[in-house]
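For reference, the structure discussed in these notes is given below.
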Amino acid sequence: MSSSDVGSGNKKTPLGNDGFILTSSPHAFGALDTRTIMYAVGATLLPAAAMSVVLFGARTLVLYLVGITASVATEAITKIARGRSPRTTLDGSAFVTGLLLVMTLPPTVSPAAVIIGAVVAVFIGKEVFGGLGSNILNPALVGRAFLAAAYPVGMTTWSEPARVFGFLPAPSDALSGATPLAAAKFDHISTPLFELLFGRTAGSMGETSVILLALGGIVLIATGIARWPVVVSLLGSVFLFGEVFHLIDSTAYPSGLFHLLSGGVALGAFFMATDPATTPITDRGGVIFGVGAGFLIIVIRLFGGFPEGVMYSILLMNAVTPIIDRYANARTFGSSRNERGVKR
C-alpha cells in the first residue's frame, strides 16, 4: 500500500500532502440516521391514520395504500432513470411522504387523484431538487397544493365520520357536510371543542384525532426527532393571534383554542413544520419560522378566500427559510463578534 492511501482491504482513504485524511462530509455521525427518523415519524402517524380508517371506513385504508405505493414507486423509477440505486426507497422518506399526503386529503378523493398527487409530491417536490435533503418545499404539501388546483371540487367535498364515541352528545345538524373552519368562516357556526378534539367532524383524514397527533408529536419531540421551538412557536402563535381577533369581535372570529383544534394545525405543526430539510437549522430560526407560519394561518383563515391556511403558510415559510437561516443562524465557526455584535 502506498503512503498516499490508508485503510483496510479494498477500501482506501486518500491522504493529503500534509498527511491529513481527506473525506467528504459528514465527519461526525449521530445516533439517529435517516431511516430511523423516517420510520419513527411514520410509526407516530399510524395511530391517527388508523383512527381515520375507523371514522371514514375501509375505503380510507385503500387510499393510504395507493398513496404510499405510488410515492415509493415514483421514487424508485426516478432513481433508476437517473442511474442511481432504487435502494434509497428503503429509507422511509417516500413512505412518509405518501402517508402525509393522504392525511391532508378528504376521504372522498379518488384513487387516481391520490396517485397524481403522490407523483407530483415525490418527483417535483423532492427528486427534481436532487432528492432527500435537497428539496426546499415540503413534498407532501407540494402534492396537496397541486391537487387543490387540479381537483377543486374533489378537494372540497367532505363526508361525515362515523359516530364511534357514544359517550359524546350528538352533533348539530347544522354542521353536516361542512368542515368546522368552513362553518365558522362562512356561516358563523361554532363547532363544540369536544367534537374537534375527538375528530367527529368533516375534514381531511389527518384532522381526525388531535389527541393522537399530539401524542405522536410529543414522542418525536421527546426523542429529539422533532424540534420543540418550531412546534411551540407555531402552536403558540396560532392561539395568540386567533385569540386577539376573538377578543376584538367574538361573533365574527372564533377563539384561539378553536383554531388550535380545528383543521390541520396539529398535523402541520408536529409533522410538517418540523421537516429538517425545509425549515431553519437553528432554534432561533425555528421560532421565526413557527411564528410566521402561525400568523399566516390566522390571516388566511380569517381574511383569505380559503377557510384553511396551514398548507400555504408552511409552503410560504419553506420558501423564506434560506433568508431566515442567513440572518438567524448561529455564529460561524472560528468567527468573533465586535462590540456592536457584527461578525468579523
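The values are calculated or read from the model by the stated rules, or taken from the named source; none is laboratory data. Small disclaimer: the values here were computed from a predicted structure and weren't measured. All Cβ positions, even for glycine, are placed from backbone atoms using ideal geometry, and neighbour counts span all protein chains on display.
Results, tabulated for the structure shown:
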{"item": "Test result for Phe258, part of a loop (DSSP other than H, G, I, E, B) and either of a type outside the set (A, V, I, L, M, F, W, C) or at pLDDT below 95 (or both)", "result": "no"}
{"item": "Selection status of Pro276, within 16 Å of the chain's Cα centre (by Cα), closer than 30 Å to Tyr327 by Cβ, assigned by TED's automatic domain parsing to the domain that holds Ala319 and outside any helix (DSSP H, G or I)", "result": "yes"}
{"item": "Any hit, the stretch 65-84, residues being surrounded by fewer than 22 Cβ atoms within 10 Å (Cβ to Cβ), at pLDDT 95 or above and over 16 Å from Phe123 (Cβ atoms)", "result": "yes"}
{"item": "Test: residue in the stretch 267-276 that is of a type in the set (D, E, K, R) and more than 30 Å from Leu132 (Cα to Cα)", "result": "no"}
{"item": "Given (1) farther than 30 Å from Thr88 by Cβ; (2) at pLDDT below 90; (3) touching a helix residue (DSSP H, G or I) at 6+ places or on another chain (Cβ under 7 Å); (4) not in a helix (DSSP H, G or I), number of the condition Glu160 does not satisfy", "result": "(3)"}
{"item": "Matching residues, the stretch 300-310, being β-branched (Val, Ile, Thr) and free of Cβ contacts under 8 Å to residues at least 40 places away in the same chain", "result": "Ile300"}
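Residue-by-condition table, conditions (1) buried (at least 24 other Cβ atoms within 10 Å of the Cβ); (2) in a helix (DSSP H, G or I); (3) in contact with a Lys or Arg (Cβ under 7 Å, 6 or more places away or on another chain); (4) of a type outside the set (Phe, Trp, Tyr):
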{"site": "Leu234", "(1), (2), (3), (4)": "yes, yes, no, yes"}
{"site": "Phe239", "(1), (2), (3), (4)": "no, yes, no, no"}
{"site": "Leu267", "(1), (2), (3), (4)": "yes, yes, no, yes"}
{"site": "Ile297", "(1), (2), (3), (4)": "yes, yes, no, yes"}
{"site": "Gly305", "(1), (2), (3), (4)": "no, no, no, yes"}
